[in-house]
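*Asks:* Here you go, one structure.
The values are calculated or read from the model by the stated rules, or taken from the named source; none is laboratory data. Note that the structure is a prediction, hence the values are computed from the model and not measured. Neighbour counts are summed over all protein chains in view; Cβ atoms, including those assigned to glycine, are modelled from backbone coordinates with ideal geometry. Protein only, heavy atoms only, side chains kept; ligands, DNA and RNA dropped before computing areas. Shrake-Rupley method; radii C 1.70, N 1.55, O 1.52, S 1.80 Å.
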Amino acid sequence: MGEIPYNTLLLLNMNIWVARDKLAKVVEGNPVIKPLYLYLPSDVIVSLIFNEKIKVGELRLSITKPSIILSPYYVVKALKEWDLLAHETKLYKDEVVLANSRDDICDNDKVVVTQYDISKRLIDKKFVTSCGIEYKPKYYFVPSNERIDSAREGLTTVLYRSEAEKLNVTYFSTGLTVDFHLSLFKNFSDKETRLYESLRDILLVV
């Protein structure tokens, strides 16, 4: 059982990988900050914060208090109810889309999706409203990073619009958007405050 040396933990929703170059610029050349970035489905972020440990494949994660999270608002709302946050800022909206979809969404009989993210619940809603309550495509549940490979291979895959555009794949627009917020946990240090402010400034597109 090994340890990953870090002093600043960032929990980021799984679609935020599209901004990793921007994230890297914030800490580049700063010897004080040793960040650990975890790109996770939204429900997993909540579980990790409240249960402190989680299993990802064969890897077991046990964490100390996160410094910063970038997540859908429903995650932020839960953390605010527990009085865990010092600050939070709405950064932008992202849309849940269906990459490599048929022209008629109801003609998709097999769909790749990550189970523990708000995008799965929203695509459920889209299928019901567009195709009727009896219509259910066959879902193939995969880890969040495997969605990217599936989309590149041409499989019908649930992504966020930012991801589909980054991958340059065609997609069906659902019209269902998610508000993403950046949050700073309480008992923050000066370096965490500066990192939060820098991330907010570089990522804010509202």
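*Asks:* Please return the longest stretch of the chain lacking exposed loop sites, where chymotrypsin sites (Phe, Trp or Tyr not before Pro) count only if DSSP places them in a loop and at most 15 other Cβ atoms lie within 10 Å.
*Replies:* 7-81
*Asks:* Could I have the simple spin-label model distance between Y74 and K90, label points 7 Å from Cα toward Cβ, reported in nm to one decimal?
*Replies:* The two pseudo-label positions are separated by 1.7 nm.
*Asks:* Report, in deg cm²/dmol and to the nearest 500, the calculated mean residue ellipticity at 222 nm for the chain, where each DSSP H run with n ≥ 4 adds -39500 (n - 2.57) and the sum is divided by the residue count.
*Replies:* Only helices count here, giving -10000 deg cm²/dmol.
*Asks:* When the dipole is taken about the Cα centre of the chain, and only Lys, Arg (+1) and Asp, Glu (-1) are charged at their Cβ, what size is it in debye, to the nearest 20?
*Replies:* 280 debye
*Asks:* State, in angstrom, two size descriptors of the chain derived from its alpha carbons: Rg to one decimal place and Dmax to the nearest whole number.
*Replies:* 17.6, 56
*Asks:* Continuing with this model, one more query. Can you tell me the accessible area per residue over the stretch 95-206, all protein chains present, probe 1.4 angstrom, in square angstrom?
*Replies:* Per residue, the stretch 95-206 has 53 Å² of solvent-accessible surface.
*Asks:* Distance between Cα centroids, the stretch 80-120 to the stretch 185-199: provide it in whole Å.
*Replies:* Each part reduced to its Cα centre gives a spacing of 27 Å.
*Asks:* Report the longest stretch of the chain that contains none of the trypsin sites (Lys or Arg not before Pro) sitting in a DSSP loop with at most 12 other Cβ atoms within 10 Å.
*Replies:* In the chain, the maximal stretch lacking such sites is 1-101.
*Asks:* Figure the gain on full extension for V18 and K166 (residue separation times 0.36 nm, minus the Cα-Cα span) and round it to one decimal in nm. List each step's numbers first, then the result.
*Replies:* Values: separation 148, 0.36 × 148 = 53.28 nm, distance 0.68 nm.
Between V18 and K166, full extension yields an extra 52.6 nm.
*Asks:* Find me the longest stretch of the chain that has none of the exposed GluC sites (Glu not before Pro), where exposed means in a DSSP loop (not H, G, I, E or B) with at most 13 other Cβ atoms within 10 Å.
*Replies:* Details: sites that count: E3, E28, E52, E58, E134, E153.
Of all site-free stretches, the longest is 59-133.
*Asks:* Now a separate question. Is the stretch 73-144 best put as rounded, prolate or oblate by its Cα gyration tensor, with a ≥ b ≥ c the root eigenvalues, rounded for a/c under 1.5, and otherwise prolate when a/b is larger than b/c, oblate when not?
*Replies:* It is prolate, given that a/c is not under 1.5 and a/b is the larger ratio.
*Asks:* Something else now. Along Cα→Cβ, 7 Å out, is where each label goes; now give me the distance between the ones at L155 and R194 in nm to one decimal.
*Replies:* Between L155 and R194, the simple spin-label model gives 4.4 nm.
*Asks:* Which percent, to the nearest 5, of DSSP beta bridges fully inside the chain are antiparallel?
*Replies:* Working: 25 of 39 bridges.
Counting DSSP beta bridges with both partners in the chain, the antiparallel share is about 65 percent.
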